[in-house]
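The values are calculated or read from the model by the stated rules, or taken from the named source; none is laboratory data. Please read all numbers here as calculations on a predicted model, not as lab measurements. Note that we place each Cβ from the backbone using ideal geometry, even for glycine, and neighbour counts take in every protein chain shown.
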Amino acid sequence: MTATQPTGAAQAEVVFGFDEGWSWSAEPLSCSRTGGSLEITAPGGADLFAMPGAHEASGLPLLQRTVRGDFTAWTRISVDGAAFGDAGGIALHGPEGWFKVCVERVKASGWAVVTVLSRPVSDEALGPALAGPEAELLVTREGPRQAVFFREAPEDDWRFVRTFFGFSEPELRLGLFVQAPFTPSASAVFAPVRLRPTALRDRR
């Protein structure tokens, strides 16, 4: 894919602000806007994970809106987190389960792209390492297939992270979130979400 834009059909790109169409699943610790960016602070214990006998959590404030059919959505995320599990990312929710991809602090004290797919038990995958707590994340959907990409700098090419099959319902909930599963709080800054009503032609 090109360094500047995801490749896809030549259709208009929509830039979502953070007003009309968005709603909270639960209240965050705080939320503030600066220019076109949004900073979200999550309370301690905020997480979404379902692995019985290991770790289960369902208290994650999500800023969500509806998306329909094929789409490509992306945003830049910068995380302020002090410990393992602190993260900010993008989530998808449907009747069959949920998915999240995030910029997350990992156990080695570095940062990485982490994905979790739950239907209903969570399948977690550690993705590419990051140089720091900031990256642009992209989710694309064509029918029941989803794929995830990332890039660290705006001039970089998009790099593949993961693909999965599922979420066959035409309408899903696209969400932004910050999690702090084991710390008192964590924050992240999100650039406006960009949406294109087509899937990427090249998903690998």
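Could you tell me whether any residue of the stretch 23-46 is more than 21 Å from LEU138 (Cα to Cα), out of contact with any helix residue (DSSP H, G or I) (no Cβ under 8 Å at 6 or more places or on another chain) and charged (D, E, K, R)? For the stretch 23-46, residues more than 21 Å from LEU138 (Cα to Cα), out of contact with any helix residue (DSSP H, G or I) (no Cβ under 8 Å at 6 or more places or on another chain) and charged (D, E, K, R): present. Consider GLY81 carefully, then state whether it is buried (at least 19 other Cβ atoms within 10 Å of the Cβ), closer than 24 Å to GLU27 by Cα and out of contact with any strand residue (DSSP E or B) (no Cβ under 6 Å at 6 or more places or on another chain). For GLY81, the condition - buried (at least 19 other Cβ atoms within 10 Å of the Cβ), closer than 24 Å to GLU27 by Cα and out of contact with any strand residue (DSSP E or B) (no Cβ under 6 Å at 6 or more places or on another chain) - is not met. In this structure, ALA129 qualifies as surrounded by fewer than 13 Cβ atoms within 10 Å (Cβ to Cβ), closer than 21 Å to PHE149 by Cα and out of contact with any Asp or Glu (no Cβ under 9 Å at 6 or more places or on another chain).
Among the residues making up the stretch 184-197, those that are surrounded by fewer than 19 Cβ atoms within 10 Å (Cβ to Cβ) and either part of a loop (DSSP other than H, G, I, E, B) or over 17 Å from the mean Cα position of the chain (by Cα) (or both) are PRO184, ALA191, PRO192, PRO197.
Cβ-Cβ distances below 8 Å connect the following pairs, each with a first residue in the stretch 97-120 that is touching a residue at least 60 places away in the same chain (Cβ under 8 Å) and surrounded by 20 or more Cβ atoms within 10 Å (Cβ to Cβ), a second residue that is outside any strand (DSSP E or B) and of a type in the set (A, V, I, L, M, F, W, C), and a separation of six or more residues or different chains: PHE99/PHE167; LYS100/LEU48; VAL116/LEU48. Quickly run through the stretch 23-52 and pick out the residues that are surrounded by 15 or more Cβ atoms within 10 Å (Cβ to Cβ) and not in a loop (DSSP other than H, G, I, E, B). CYS31, SER37, LEU38, GLU39, ILE40, THR41, ALA42, PRO43, PHE49, ALA50, listed by residue number. Within the set of pairs 6 or more residues apart or between chains, which connect a residue that is free of Cβ contacts under 8 Å to residues at least 40 places away in the same chain inside the stretch 133-154 to a residue that is polar (S, T, N, Q) and surrounded by fewer than 24 Cβ atoms within 10 Å (Cβ to Cβ) with Cβ atoms less than 9 Å apart? Close Cβ pairs satisfying both conditions: PRO144/SER168.
Among residues that are modelled with pLDDT under 95, surrounded by 20 or more Cβ atoms within 10 Å (Cβ to Cβ) and either in contact with a strand residue (DSSP E or B) (Cβ under 8 Å, 6 or more places away or on another chain) or closer than 16 Å to GLU104 by Cβ (or both), PHE167 is included.
Restricting attention to the stretch 148-178, the residues that are of a type outside the set (Phe, Trp, Tyr), over 22 Å from ASP47 (Cα atoms) and not in a loop (DSSP other than H, G, I, E, B) add up to 4. The residues in the stretch 1-23 that are modelled with pLDDT of 80 or more, on the phi < 0 side of the Ramachandran plot and not charged (D, E, K, R) can be counted, and the count is 5.
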